[in-house]
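What follows is a short report on a single structure.
The values are calculated or read from the model by the stated rules, or taken from the named source; none is laboratory data. As the structure is a computational prediction, the values presented were derived from the model and not from experiment. All Cβ positions, glycine included, derive from the backbone under ideal geometry; neighbour counts span all protein chains shown. Each accessible area value is taken on the protein alone, full model and side chains, heavy atoms only, with ligands, DNA and RNA left out. Shrake-Rupley method; radii C 1.70, N 1.55, O 1.52, S 1.80 Å.
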Amino acid sequence: MHQYPQRPRPDDQPYPGHRPQQPYGHDGQATQEFPAYPPPPRQQYPYDRQQPPQQQPPQYGYEPQQQEYYEAPEPVRPPKKSKKKIWISALVVCALLAGGGGWAYFKTDWFDGNGEAVSYGKTPPAAGGGGGAGSGAPAKPTGDPDVSLPTGPAAAFKQTTKLDDGTRIAKTRLKGAKSGFESDVWVWTPKEYDDPKYAKSGFPVLIALPGGNGFPANYWADRSLGLQKAIAEQAEKGKSLPFVVIMPVLNPDAKYYYDGSDIPNQPKMGTWMSEDVPDFAKANFRTYKSRDGWAFMGNSSGAFVGLKQLMQHPDKFKAVIANGGEVVPDSPLWKGFQREMDANNPEKLAQKLIDSKGPEVTVAFQYGTKEGGRARLEKFQQSYGKGPVKVTIYEIQGGDHNGWDYVRGMKENGLETISKVMKGPKPSTG
């Protein structure tokens with residue numbers, strides 16, 4: 001077994017101020033800021049030089065959470081208004097409602113719609129009425145046999161947040177038919193998805209995985225990290241494809257990491273990630289049948305899972321953006337199952353792909369200059385970045401091990417790197 005002490009990193013956080021994933025120093029002992037707990041299931045990276053950060057004042061209007069996972073911040077409670085101000089506000093609302101478009105303004109700008117049902121891929125009714133796509137039904141694909149229409153059954157989505165461009169992130173519950181695992185999944189579609197000129201086209205899918213425990217939430221579903229905004233902006237500039245983003249839960253609990261694998265006697269997280277999550281996307285969205293429309297992106301522990309899935313299933317996936325991740329499995333749950341662990345080792349899988357001259361895959365490693373770790377990425381590139389395995393390493397200047405900096409790296413390089421080798425939507429010609 002490879003002896004790579006690994007996740008969680010003490011700075012494995014979606015954004016500054018988020019509670020560190022593990023309150024330990026590098027020797028596994030409790031630090032001065034945190035009480036003593038039982039030893040964590042994983043040790044820290046040997047190259048980590050940072051100690052857990054000092055407790056910071058509450059940010060985003062909420063106290064640091066005690067859980068081991070990321071949880072969306074609570075909204076800031078507004079200060080109490082005087083009765084005079086309340087009456088003035090009421091008069092303003094009445095004036096808005098009385099004016100043209102007042103109700104629309106009131107509904108869309110004052111209430112964000114969280115909790116409301118969300119449907120995807122239905123174009124506006126055609127002028128004068130009519131059937132087909134104009135009646136709200138998905139359009140029939142033409143021309144490209146690779147386009148896959150939603151197969152159903154349709155999931156029930158509820159909005160969790162709304163972006164400035166009007167696009168929405170929504171959540172549903174998925175019970176994997178093949179893994180048997182059940183958990184939450186978040187989704188986002190770019191504005192192009194509901195554009196009538198793309199109604200007959202498939203869209204590429206990006207499965208976005210969080211770092212840390214990745215349970216019971218996926219922090220990419222929090223708009224504050226800016227992932228969806230970055231994709232939209234780069235797509236408008238022609239530097240990224242307009243991906244449909246699928247954000248599943250990464251692990252079945254906050255105690256262990258499951259390496260995105262079917263570890264014997266454990267929940268089948270490998271099948272969940274490689275079969276159930278893609279099947280869910282195909283059931284609900286216009287996608288592509290070929291692997292050219294499928295990729296992963298992940299941070300830290302999620303980066304490892306994305307890399308492993310790509311190496312293990314090059315027939316299903318084309319690329320991965322791996323942010324600050326590891327390149328070998330190291331879950332303590334592999335103990336006693338060396339053969340099975342080897343079958344889920346990206347290094348061994350990459351060599352197998354090279355030997356078989358398998359389909360070409362693209363690995364876009366990213367790391368921040370403040371976190372280090374380039375040596376192991378370079379070693380992977382030198383050893384396995386050959387033949388069908390294409391490996392790039394992007395250095396995020398001043399970047400650290402967090403979601404903010406990784407999104408910056410994706411805007412600078414990562415999204416464009418994988419978009420060049422993947423298939424994008426095609427507008428209708430008539």
### Summary
In the range 378-430, anything small (G, A, S), open to solvent by less than 30 Å² (accessible area, probe 1.4 Å) and in contact with a Leu (Cβ under 8 Å, 6 or more places away or on another chain) is listed as G403, S419, G424
### Message
Being in contact with a Leu (Cβ under 6 Å, 6 or more places away or on another chain), open to solvent by 40 Å² or more (accessible area, probe 1.4 Å) and either at pLDDT 95 or above or under 23 Å from Q234 (Cα atoms) (or both) narrows it down to one residue among Q351, Q312, Q338; which is it?
### Response
Q312
### Query
Among the residues of the range 228-241, is any at pLDDT 95 or above, outside any helix (DSSP H, G or I), of a type in the set (S, T, N, Q) and over 25 Å from D315 (Cβ atoms)?
no
### Query
When you look at A295, is it over 14 Å from L209 (Cβ atoms) and either in contact with a Cys (Cβ under 9 Å, 6 or more places away or on another chain) or outside any loop (DSSP other than H, G, I, E, B) (or both), yes or no?
no
#### Entry: Within the range 155-216, strands (runs of 3 or more DSSP E) holding 2 or more residues that are surrounded by fewer than 20 Cβ atoms within 10 Å (Cβ to Cβ)
157-162, 168-175, 182-188
### Query
Are there any pairs with C-beta distances below 8 angstrom linking a residue in the range 292-303 that is within 18 Å of P332 (Cα to Cα) to a residue that is aromatic (F, W, Y), with the two at least 6 apart or on different chains, and if so which?
S301/Y257
### Message
Anything in the range 288-308 that is over 21 Å from N265 (Cβ atoms) and touching a Phe, Trp or Tyr at 6+ places or on another chain (Cβ under 7 Å)? List them, or say none.
### Response
R291, W294, A295, F296, N299, G306
### Query
With (1) of a type outside the set (D, E, K, R); (2) out of contact with any strand residue (DSSP E or B) (no Cβ under 6 Å at 6 or more places or on another chain); (3) in a loop (DSSP other than H, G, I, E, B) as the list, and Y367 as the residue in question, which single condition is left unmet?
(3)
### Task
Can you work out which of the residues in the range 318-334 that are open to solvent by 10 Å² or more (accessible area, probe 1.4 Å) and outside any helix (DSSP H, G or I) is nearest to Y384 (Cα to Cα)?
K318
#### Entry: Contacts under 7 angstrom Cβ, first residue in the range 220-235 being at positive phi, partner modelled with pLDDT of 95 or more, 6 or more apart
G226/V407
### Query
Checking D253 against (1) in contact with a helix residue (DSSP H, G or I) (Cβ under 9 Å, 6 or more places away or on another chain); (2) open to solvent by 10 Å² or more (accessible area, probe 1.4 Å), which test does it fail?
(1)
### Verdict on A139 being open to solvent by less than 80 Å² (accessible area, probe 1.4 Å), in contact with a Gly (Cβ under 7 Å, 6 or more places away or on another chain), within 20 Å of V244 (Cα to Cα) and modelled with pLDDT under 95
yes
### Residues being closer than 23 Å to G403 by Cα and either touching an Asp or Glu at 6+ places or on another chain (Cβ under 8 Å) or assigned to a helix (DSSP H, G or I) (or both) - total across the range 298-317
12
### Query
Among the numbered criteria (1) open to solvent by less than 40 Å² (accessible area, probe 1.4 Å); (2) closer than 14 Å to K191 by Cβ; (3) touching a residue at least 60 places away in the same chain (Cβ under 8 Å); (4) under 15 Å from the mean Cα position of the chain (by Cα), which single criterion is violated by P248?
(2)
### Message
For the range 357-371, give me each residue that is charged (D, E, K, R) and farther than 14 Å from M311 by Cα.
### Response
K370, E371
### Query
Which residues, taken from the range 261-292, are out of contact with any His (no Cβ under 6 Å at 6 or more places or on another chain), in a helix (DSSP H, G or I) and open to solvent by less than 30 Å² (accessible area, probe 1.4 Å)?
M269, G270, T271, W272, M273, D276, V277, P278, F280, A281, A283, N284
### Task
May I ask you to verify whether K357 is over 16 Å from the mean Cα position of the chain (by Cα), closer than 25 Å to M247 by Cα and not in a helix (DSSP H, G or I)?
no
